[in-house]
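Below is one structure; the comments refer to it alone.
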Amino acid sequence: RRNAEAEAERKRIAEMFGKEIAVEAQAMPIHLFAAKLEKACGLPVAMDRDTWSMATMVTLPVEKTPLRDVLDEVRKQTGSIWYLWRGRIYLLR
């Protein structure tokens with residue numbers, strides 16, 4: 001049973017990462033971009049204090065791009081890492 005639940009969770013996460021979203025940001029502070037990202041993908045976004053305080057600017061013209069690609073681009077621009085855990089996206093420095 002435990003393996004079936006773990007497999008179902010992995011499948012759900014893979015579907016979330018493949019979900020295409022549209023979110024655009026032009027020189028937007030990371031905390032404002034996180035709010036837009038939450039609305040676009042339907043998942044809460046949490047950041048650590050360093051990521052928040054740095055207020056890194058994000059520029060991302062995105063139309064129908066998989067969530068994983070959006071998060072990879074945010075990682076490149078902000079120097080943070082990201083992961084998904086229990087239905088929440090974390091951005092950490």
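The values are calculated or read from the model by the stated rules, or taken from the named source; none is laboratory data. Please read these numbers as outputs of a predicted model, since none were measured by experiment. Neighbour counts are summed over all protein chains in view; Cβ atoms, including those assigned to glycine, are modelled from backbone coordinates with ideal geometry. Ligands, DNA and RNA are excluded from the accessible area calculation, which covers all protein heavy atoms including side chains. Shrake-Rupley method; radii C 1.70, N 1.55, O 1.52, S 1.80 Å.
Between Q26 and A6, the modelled labels are 4.8 nm apart [label points 7 Å from Cα along Cα→Cβ].
Ligands, DNA and RNA left out, the accessible area of the chain computed with a 1.4 Å probe is 51% carbon and sulfur. Using C-alpha pairs below 8 Å separated by at least 6 residues, the relative contact order for the chain is 33 percent. Rolling a 1.4 Å probe over the protein heavy atoms gives the stretch 8-48 an accessible area of 55 Å² per residue.
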